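The values are calculated or read from the model by the stated rules, or taken from the named source; none is laboratory data. Predicted, not measured: the structure shown is a model, and the values here were computed from it. So basically every Cβ, Gly included, is an ideal-geometry build from the backbone, and we count neighbours across all protein chains shown. These accessible areas exclude ligands, DNA and RNA; they are computed on the full protein's heavy atoms, side chains included. Shrake-Rupley method; radii C 1.70, N 1.55, O 1.52, S 1.80 Å.
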Amino acid sequence: MMKQVIQDSLDSVEYAQKEVLAIGCMLLDKGLVSGTWGNVSTRIPDADCIAVTPSGKPYHELKFENIVIVDKTGNVIRGDFKPTSELSLHLTIYKARPDIKAIVHTHSVFASACAVAHRSIPPIIEDLVQLAGGSIDVAPYALPGTAELALNAVNTLGNKQAVLLANHGVVGCGRSLPEAFIACELVEKAAQIYIHANILGGAKTLSPADVKVMHDLYLNSYQKHP
């Protein structure tokens with residue numbers, strides 16, 4: 001039954017596969033991951049399933065049809081490769097946050113430094129708070145690929161668009177894949193600014209009221225149609 005749904009929505013499925021692969025290649029090209037690490041996924045509304053990167057495969061060697069299609073419980077319904085080992089992380093976030101349509105997981109250097117230090121990135125720069133909605137907090141440590149890691153990420157993410165995974169990396173979420181990718185870029189930029197600002201004497205945070213104003217503006221005006 002599900003395979004027939006996929007066939008009926010083939011254009012949407014293939015578009016999602018191509019978009020996931022393009023974002024995966026961008027992660028590598030922009031230095032947000034190394035080797036085969038990191039992972040990317042997006043919902044496919046027409047087929048009620050998810051396109052996700054395979055496990056342990058170099059992005060630039062993949063073809064779009066190598067991007068795996070899974071249902072909401074993680075069963076593979078299209079593709080010859082195993083999905084990412086962090087599939088549970090993606091599925092758990094999607095289940096908890098219906099507003100999230102895409103997820104990008106990176107291991108960028110400065111954001112990972114904050115994750116290793118268990119230091120949240122406070123609301124210090126306007127572009128990140130506009131998109132993410134406040135500080136980027138650190139989810140408690142758990143082994144990669146585990147249900148515990150996924151639950152920790154969801155609980156710490158709350159209603160924001162990004163979270164740090166302790167001793168691991170970054171998860172960026174969005175209403176589209178480009179938005180999720182930008183979330184990861186902005187977290188990395190803010191982490192670098194935060195570290196440098198502390199060298200200069202300490203980062204000064206934006207007020208909660210200003211953070212709310214900027215985030216609401218982003219959601220309701222600046223990016224009303226992502």
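Roughly to the nearest percent, how much of the accessible area of the stretch 100-205 is carbon and sulfur, given a 1.4 Å probe?
Exposed carbon and sulfur together represent 59 percent of the surface.
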Where does the stretch 92-172 land on Rg(C-alpha)/(2.2 N^0.38 Å)?
1.00
Under 18 Å, Cα to Cα: Lys pairs in the chain, sequence gap 8 or more or different chains
22
May I ask you to order 208-214, 145-151 by the average number of other C-beta atoms within 10 Å around their residues, highest value first?
145-151, 208-214
Output needed: percent of Cα pairs per 10 Å distance bin for the stretch 141-191, bins running from 0 to the one holding the longest distance.
27, 52, 21
Suppose all protein chains stay in the model; what accessible area per residue would a 1.4 Å probe give for the chain, in Å²?
47 Å²
When the helices in the chain are scored as -39500 (n - 2.57) per DSSP H run of 4 or longer and the sum is shared across all residues, what 222 nm value do you end up with, to the nearest 500 deg cm²/dmol?
-13000 deg cm²/dmol
At most 13 other Cβ atoms within 10 Å and a DSSP loop assignment: could you name the trypsin sites (Lys or Arg not before Pro) in the stretch 63-113 that fit?
Lys63, Lys72
Using only Cα positions of the stretch 71-112, each an equal point scatterer, no hydration layer, compute I(q)/I(0) via Debye at q = 0.14, 0.21, 0.22 Å⁻¹ and quote the log10 values to two decimals.
-0.41, -0.81, -0.85
Of the candidates Pro45, Leu151, Phe110, the farthest towards the positive dipole end of the stretch 36-158 (Lys/Arg Cβ +1, Asp/Glu Cβ -1, centred on the Cα centre) is Leu151
Equivalent ellipsoid semi-axes for the stretch 1-139, as square roots of 5 times the alpha carbon gyration tensor eigenvalues: give them largest first, rounded to whole Å.
28, 17, 13
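Specify, per residue and in Å³, the volume enclosed by the convex hull of the alpha carbon atoms belonging to the stretch 86-226.
Cα-based convex hull of the stretch 86-226, divided per residue, equals 89 Å³.
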